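Read-outs throughout are calculated quantities, based only on the coordinates presented, and are distinct from any laboratory measurement. The structure displayed is predicted, hence computed values, not measured ones. Virtual Cβ from ideal backbone geometry, glycine too; neighbours counted across all protein chains shown.
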Amino acid sequence: MKRLSALASLMILAATGANGAEYTVEIQNLTRSTFFTPLLVAAHPAENHLFAVGGEASLPLQTMAEGGNIEPLVGEIDGLGGIAVANPAGGLLAAGASATAMFNNDDAPDNNHLSIVAMLLPTNDGFVGLDAMWLPTEPGTYQYMLKGYDAGTEANDELRGSGMPGEPGMPVPPPLDLQLGNNGTGMPGEAEGFVHIHRGVLGDTDSVAGGSDIDATRHRWLNPVARVTITVE
């Protein structure tokens, strides 16, 4: 009887997914002073991934994690026939703020997994991420906590820089400029070569020298860094 019951449950779940659903996805920045660059919220088939913990970062992921440019990842999702909601915040998402993405998968029920990424600023190649999570299909509200990851493509020197892939240093958009120090000598270390849980930034308290341009009293963070609330209708 247990086997028959499990099979029946799977058949019901499959039928529900085939009809599609309306989704509202809210992402809230839980850090004290860290910004999220433009977010990418994507629904896609199960076999696709924007990143894989323990694996080498793709060039599109590196481009997002080092400079906040999500366009190459959007192109990947579009090429798969997935659903990409790009930049729902209309720019940087400040600490404590939320952004909302809405979509439905009625026309493409195979787009039943959710991924979310955005660069964390100030970091060298840190990003908030959700990797290919099964989208709930039953009407209701669901909450998940997201971690910060390190793309492993750039040394975490914590210095101002261009943010271009393969070039050292952090991009510094105007809202962040006045919060950072200058003339840091650089934190020790090198690129790890694989995606992993971020250590969090170290920073220092010297705004005109020191090892880091990051203010340790303002920008240090621990996981989790975001809360996602999914509403299914």
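Can you give the % of DSSP beta bridges in the chain that are antiparallel, to the nearest 5?
In the chain, approximately 95 percent of DSSP beta bridges are antiparallel ones.
Take the alpha-carbon centre of segment 112-178, take the same for segment 190-214, and report the distance between them in whole Å. Answer, in whole Å: 15.
Counting only whole DSSP H helices of the chain, the ones at least 18 Å long by C-alpha along their axis and with mean Kyte-Doolittle hydropathy no lower than -0.5 are 2-18. Taking a sphere under 14 Å around the Cβ of Met102 and counting the other residues whose Cβ falls inside, with K and R at +1 and D and E at -1, yields a net charge of -4.
Measuring nothing but how far apart in sequence close Cα pairs (under 8 Å, 6+ apart) lie, relative to its length, the chain scores a relative contact order of 26 percent. Ranked by the mean number of other Cβ atoms within 10 Å of their residues, highest first, the peptides 58-66, 202-210 fall in the order 58-66, 202-210. Its Cα gyration tensor gives segment 51-122 an equivalent ellipsoid, and the semi-axes of that ellipsoid, as √(5λ) in whole Å with the largest first, are 21, 18, 11.
Compared with the direct C-alpha span, the chain from Val232 to Arg218 gains 1.4 nm at full extension, assuming 0.36 nm per residue.
Temperature 4 °C, viscosity 1.567 mPa s: under these conditions the Stokes-Einstein estimate for the chain, based on its Kirkwood radius over C-alpha pairs, is 70 µm² per second.
P(r) for segment 113-219, from all Cα pairs and a bin width of 5 Å, is 3, 12, 20, 21, 16, 10, 7, 5, 4, 1, 1 %, short bins first.
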